[in-house]
1. B:Arg65 versus (1) surrounded by 23 or more Cβ atoms within 10 Å (Cβ to Cβ); (2) within 27 Å of A:Ser52 (Cβ to Cβ): which is the lone unmet condition?
2. Determine, yes or no, whether C:Ile180 is crowded, with 22+ Cβ neighbours inside 10 Å, part of a loop (DSSP other than H, G, I, E, B), away from chain A (no Cβ under 14 Å) and among the aliphatic types (A, V, I, L, M).
3. Has the stretch C:211-221 got at least one residue that is surrounded by fewer than 22 Cβ atoms within 10 Å (Cβ to Cβ) and either at pLDDT 95 or above or in the same structural domain as C:Ser25 (by TED's automatic domain parsing) (or both)?
4. Among the numbered conditions (1) closer than 21 Å to C:Leu136 by Cα; (2) facing another protein chain (nearest Cβ under 10 Å); (3) crowded, with 19+ Cβ neighbours inside 10 Å; (4) in contact (Cβ under 8 Å) with a residue 24 or more places away in the chain, tell me where C:Ala60 comes up short.
5. Looking only at the stretch B:192-209, decide whether some residue is part of a loop (DSSP other than H, G, I, E, B) and touching a residue at least 40 places away in the same chain (Cβ under 8 Å).
6. Taking the conditions exactly as written (without any contact (Cβ under 8 Å) to a residue 12 or more places away in the chain and within 14 Å of chain A (Cβ to nearest Cβ)), does B:Thr85 satisfy them or not?
7. Quick one: is A:Pro261 within 20 Å of A:Met190 (Cβ to Cβ), in a loop (DSSP other than H, G, I, E, B) and either modelled with pLDDT of 95 or more or within 14 Å of chain B (Cβ to nearest Cβ) (or both)?
8. Return yes when C:Lys254 is free of Cβ contacts under 8 Å to residues at least 24 places away in the same chain, of a type in the set (Lys, Arg), more than 22 Å from C:Lys26 (Cα to Cα) and not in a helix (DSSP H, G or I) and no when it is not.
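The values are calculated or read from the model by the stated rules, or taken from the named source; none is laboratory data. What you see is a predicted model, and the numbers here were worked out from it, not measured in a lab. Reconstructed Cβ throughout: ideal geometry from the backbone, glycine too, with neighbour counts over all protein chains shown.
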Amino acid sequence: MAALRDLISAQQLQKNDVERILSSSKKMEKKLAEKSIRPRNKIAATLFFEPSTRTHSSFAAAAMRLGCSILPFNVSNSSMAKGETFEDTIRMFDTYADVLVLRHPQAGFAQIAADIATHPVVNAGDGGNEHPTQALIDIYTILSLKKKIKGLNITLAGDLRHARAMRSLFYLLGMLGANITLASPQGLEMESSLVRKVDEKFSPQINFSRVPSKESDVLYVCRIQKERFASPAAAEAAQDAFRIDSSFLQGAKKDLAILHPLPKHLEIPPEVDASPHAKYFKQAKYAVPVRMAVLNEVLSF
Amino acid sequence: MAALRDLISAQQLQKNDVERILSSSKKMEKKLAEKSIRPRNKIAATLFFEPSTRTHSSFAAAAMRLGCSILPFNVSNSSMAKGETFEDTIRMFDTYADVLVLRHPQAGFAQIAADIATHPVVNAGDGGNEHPTQALIDIYTILSLKKKIKGLNITLAGDLRHARAMRSLFYLLGMLGANITLASPQGLEMESSLVRKVDEKFSPQINFSRVPSKESDVLYVCRIQKERFASPAAAEAAQDAFRIDSSFLQGAKKDLAILHPLPKHLEIPPEVDASPHAKYFKQAKYAVPVRMAVLNEVLSF
Amino acid sequence: MAALRDLISAQQLQKNDVERILSSSKKMEKKLAEKSIRPRNKIAATLFFEPSTRTHSSFAAAAMRLGCSILPFNVSNSSMAKGETFEDTIRMFDTYADVLVLRHPQAGFAQIAADIATHPVVNAGDGGNEHPTQALIDIYTILSLKKKIKGLNITLAGDLRHARAMRSLFYLLGMLGANITLASPQGLEMESSLVRKVDEKFSPQINFSRVPSKESDVLYVCRIQKERFASPAAAEAAQDAFRIDSSFLQGAKKDLAILHPLPKHLEIPPEVDASPHAKYFKQAKYAVPVRMAVLNEVLSF
């Protein structure tokens with residue numbers, strides 16, 4: 001039951017790691033209600049080489065709730081312009097902080113940072129690769145809604161090629177025995193090597209679809225960006241097919257839960273927010289306790 | 001004597017609310033001198049959809065002095081670009097923080113936020129509508145300088161049409177029985193429906209003027225922006241008439257107090273800073289204790 | 001042994017001031033390892049009128065490690081656009097914070113701020129003038145590496161005309177009795193009036209050179225910017241002559257220590273990082289404890 005040093009990828013996690021973090025998240029939910037806080041001599045540096053509001057804010061809130069201070073860095077206001085290497089920036093913040101929370105537009109840079117830093121690194125999204133804390137939040141949400149993962153019909157819908165959070169989640173769902181439907185427009189499928197890896201390692205039931213399924217217990221929606229398509233017409237058609245609106249919800253399973261990592265745009269119009277299926281605001285609420293559990297894990301309080 | 005849940009508008013305040021907040025501000029002034037601080041498990045999110053240095057900084061300082069952490073958000077570095085609605089952004093920060101301090105360029109958005117959020121919302125300026133905490137700071141300053149409001153001759157001078165802080169202050173001055181002179185260039189008068197409302201509700205003495213009055217006990221100056229006028233010449237003339245410089249001060253009442261919400265520009269040249277009439281830096285100093293009192297009120301410590 | 005009120009210039013320091021701050025820095029190094037922190041009712045405003053990552057971040061980290069809160073200000077997101085004077089901005093933050101850490105593109109502005117503010121001001125770099133805390137970090141690093149300054153051969157290499165940190169360091173090295181070599185391209189020499197002042201006051205051994213010397217005990221490298229030269233060819237030649245790469249290191253003194261204020265660019269290629277001579281990451285590590293000592297000094301905890 002050793003604590004993790006870094007959290008870079010969902011693929012580094014064993015089942016008992018996931019269970020330990022989720023059980024710690026539960027305790028963190030309670031901690032949020034406490035009146036005062038124990039101030040710790042710990043600094044979390046949030047290094048965001050790509051803009052982000054909610055990932056950044058929820059990591060910052062999580063660190064604050066643990067009694068840590070936040071040292072923010074974003075690339076727009078940095079010395080990178082002076083020609084400094086990524087490696088030197090990491091070395092520098094490693095001398096200021098006790099944990100580095102890193103968002104980077106390029107896949108693999110969280111691992112590079114972890115190789116250099118003497119302090120723990122938590123991957124807050126690296127390019128089109130992974131976003132492991134988001135996936136843990138998603139698993140925590142599904143468990144809190146459905147009390148189990150195993151045997152649940154879960155559809156991941158949208159641009160599965162570019163959504164890093166979907167990749168991390170797919171791996172964890174496979175590990176935990178969900179029946180997974182991968183629904184995506186042509187050309188935006190989940191990377192086949194990852195599908196193969198999950199299949200070989202965990203043999204979950206995996207289906208493929210061109211439309212989101214109403215038969216799911218959980219429908220996880222992510223954005224489809226226009227820029228991904230050859231023509232505006234193709235983009236329009238795909239966005240229409242993957243729009244979860246009130247007409248889609250007619251005939252959906254009674255206890256269908258709709259999740260979304262947010263921010264949402266046209267893929268789920270505001271009319272759906274009031275529906276009992278809409279669980280994405282509840283999901284958003286779990287970001288802080290789960291990220292508290294992850295920071296707590298790597299800081300080994 | 002119940003605490004307020006939100007502070008959206010001066011017009012929601014009863015006289016006893018104002019008295020309670022001002023008396024709490026007095027206590028907060030003392031708290032500022034304490035050596036150590038009790039760290040609280042509370043986060044104040046400062047959501048600024050419009051740039052601000054001093055409103056933001058003084059709210060942040062106030063929250064820090066109460067032992068809270070600050071979660072800053074400004075629109076330049078946000079997910080709004082991804083097409084998220086204002087409502088969703090509020091919902092999101094409502095899951096991270098214990099109080100939302102909101103500045104927005106559009107009138108009414110503080111109320112919209114308060115309707116959505118489960119946590120208290122404090123209006124830090126919404127378009128041309130209200131800026132209630134500034135007005136409370138102003139009232140606190142006048143009381144500390146003059147020991148009373150009732151019967152005092154107070155001139156509000158400048159662009160009264162667009163200055164939200166002036167609108168909030170006008171309402172509170174009416175409530176507290178000041179003799180009010182509204183001095184503004186043509187076309188930049190205080191909105192007539194608000195004048196009528198204050199008149200009907202509190203029947204204070206209200207005068208109208210085209211120039212700032214030297215006969216005032218308190219002269220409250222705000223900026224007149226060139227862009228508000230049809231011609232550069234009209235702008236020039238209005239700015240000249242409303243400039244409070246050393247020549248204006250010749251013949252002013254001996255104990256005239258000049259206030260300004262700051263930042264000031266050409267409307268009060270630096271030569272006036274050394275005058276005994278200049279009280280705007282003292283006024284600025286009260287921003288932190290009064291905002292501490294407001295945050296303390298809505299957080300119900 | 002009175003504490004300093006402000007830290008504006010290395011030239012204001014007496015030898016016993018330097019010794020006291022360095023000895024306090026040693027204690028701060030130990031403090032960094034403590035588990036919890038005593039929260040203080042103190043706010044450090046970091047007023048950066050010029051972008052900076054590491055000076056800002058290390059000052060912020062230092063203040064956090066002392067249990068203070070940070071109130072950040074940078075000019076891009078400020079009311080300066082509304083035409084406010086520098087003086088008014090200082091007055092304003094003086095009402096929010098207990099210490100002002102100031103970076104400004106113009107020489108002398110730290111002193112202007114100190115003249116206005118009622119709270120201590122720490123100069124975090126003012127134009128081409130001074131950067132006293134960086135110089136204290138450098139002295140601390142050399143002492144930790146070499147156990148002495150007196151009699152040590154120390155070369156300052158690069159653009160000595162524009163590097164404020166070099167000016168502050170040169171003064172302190174003179175005071176502490178180093179043998180100093182000033183190595184710079186033509187036209188980028190250390191200002192002669194400062195050389196004269198250090199010579200008259202402390203009479204250290206001062207040599208001048210057009211190339212960095214391999215005979216040094218300490219080689220302190222700073223950037224040479226292309227824009228400083230009349231022609232690209234002249235820039236190229238100077239940058240080549242001052243590049244510290246592995247071929248330069250062949251034949252260098254066995255215990256030569258290379259320092260650099262960072263961020264480094266082409267003047268020290270990454271190949272040198274692994275060399276035992278490279279001490280700049282160690283130097284960077286001392287930024288936090290030394291800045292803690294300085295903040296502690298002026299805040300008089």
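1. Only one criterion in (1) surrounded by 23 or more Cβ atoms within 10 Å (Cβ to Cβ); (2) within 27 Å of A:Ser52 (Cβ to Cβ) is unmet by B:Arg65, namely (2).
2. Spelling it out, it is not the case that C:Ile180 is crowded, with 22+ Cβ neighbours inside 10 Å, part of a loop (DSSP other than H, G, I, E, B), away from chain A (no Cβ under 14 Å) and among the aliphatic types (A, V, I, L, M).
3. So far as the stretch C:211-221 goes, yes, one or more of its residues are surrounded by fewer than 22 Cβ atoms within 10 Å (Cβ to Cβ) and either at pLDDT 95 or above or in the same structural domain as C:Ser25 (by TED's automatic domain parsing) (or both).
4. (4)
5. No - not one qualifying residue is present in the stretch B:192-209.
6. It is true that B:Thr85 is without any contact (Cβ under 8 Å) to a residue 12 or more places away in the chain and within 14 Å of chain A (Cβ to nearest Cβ).
7. yes
8. Yes, satisfied.
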